[in-house]
1. Taking only Cα atoms and a 10 Å spring cutoff, compute GNM fluctuations for the chain and point out the largest among Tyr88, Tyr246, Tyr164.
2. If I take every Cα pair under 8 Å that is 6 or more residues apart in the chain, average their sequence separation and divide by the length, what percent do I get for the relative contact order?
3. Around Ile19, which amide H atoms from residues at least 5 apart in sequence, or from another chain, sit under 5 Å from its own amide H, with H modelled in the peptide plane?
4. Describe numerically, in nm with one decimal, the distance between label points set 7 Å from Cα along Cα→Cβ at Gln141 and at Ile31.
5. Checking the table Lys109/Lys151; Lys8/Lys121; Lys11/Lys49 against a 25 Å threshold on Cα-Cα, which pairs fail?
6. Under a point spin-label approximation (7 Å from Cα along Cα-to-Cβ), what is the Gln236-Leu270 distance to one decimal in nm?
7. So who's got an amide H within less than 5 Å of the one on Thr208, skipping anything under 5 residues away but keeping other chains? H placed 1.01 Å off N, in plane.
8. What does the extension gain come out to for Phe6 and Asn245, with contour length at 0.36 nm per residue minus their alpha carbon separation?
Amino acid sequence: SGIYEFYKECKSNGIKPIIGQEFCWCADTQIIKPDSVGYDYYPIVLIAKNNNGLHNLIKLSTISWTDHLIPDEKSPVPRIDNTLLSQYSDDLICLTGGEFGFLSLAISKGFNNLAIQWLNKLKNIFESNLWLQIPVPQNPQQTRIAKTILKYDIQSVVTTTVLYPTKEWKTTHEEKMCAILNKKMWMPGLWDHDAERGLDNRRLIIPTDHHLMSEAEIDNLLVKADLDYELISNTQVICDQIENNYFSDYKNRYPKFNDLPENVTSDQMLERVSKY
């Protein structure tokens, strides 16, 4: 219901709705241990091009939570893999993950060949609907990663990871991470993709900015890295591929109960059976 409310609000305000989801992707959900790069999963973004794509998006989300969940008391991980993507890739656009995606992390750790191997498998699944995510470069290492990704000669788009609204919120975000991980702000900082791996008596820090950047800010960083503005304008190319027909087959699919007790509605009965 949440995405339907989002869709209605966008439509009523003259905004083109784009519905997608970030998934936890791995090469094989049957393997529950870190891969050779050192991670259990990587974020990828799937965007529904139309109503059929939306159905596939919902199917993937449901299966990831029901069949491929890694249980964890603090943060359970619902994963998907290439086998699932092959089944439900129709009318979906795939973005390969930004700063924390498999391309960025594999390249940064020297696993370029493995990155290409994984990339080719996604290319076989999504074909022209595959886009490489270029994390907006804020330091020399990120610039090197961006230029390496561009050598793969697959359509690319620059993206940012937004963790807080403005630069002024960066300290507040670090305080939030301390609260989540039971750390203190006076502890020395450590940057690690895995928030709880190897922190010991240190707190998690993220050295780069993750506020909601303006187009001008992103363009300025691309200019400094000697990268083309096309990486920004490709967001419009992706937007143009979205057909504005989400929920074209929308109808109430809630169950209708027979022989209800007196003064009990179907909604109330659904609530009862859901709880008990």
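1. Judging by the Gaussian network model, the answer is Tyr164.
2. Reported relative contact order: 16 percent.
3. Placed amide hydrogens put Ala48 under 5 Å from Ile19.
4. 2.4
5. Working: Lys109/Lys151 17 Å; Lys8/Lys121 36 Å; Lys11/Lys49 16 Å.
The pairs that break the limit, which is 25 Å between Cα atoms, are Lys8/Lys121.
6. 4.2
7. Close amide H contacts, sequence-distant or interchain: none at all.
8. Working: separation 239, 0.36 × 239 = 86.04 nm, distance 1.39 nm.
Extra length from Phe6 to Asn245 when fully extended: 84.6 nm.
Coordinate-derived values only; no laboratory data. Only a predicted model underlies this, so the values are computations on that prediction, with no experimental measurement involved. We place every Cβ from the backbone using ideal geometry, glycine too, and count neighbours over all the protein chains shown.
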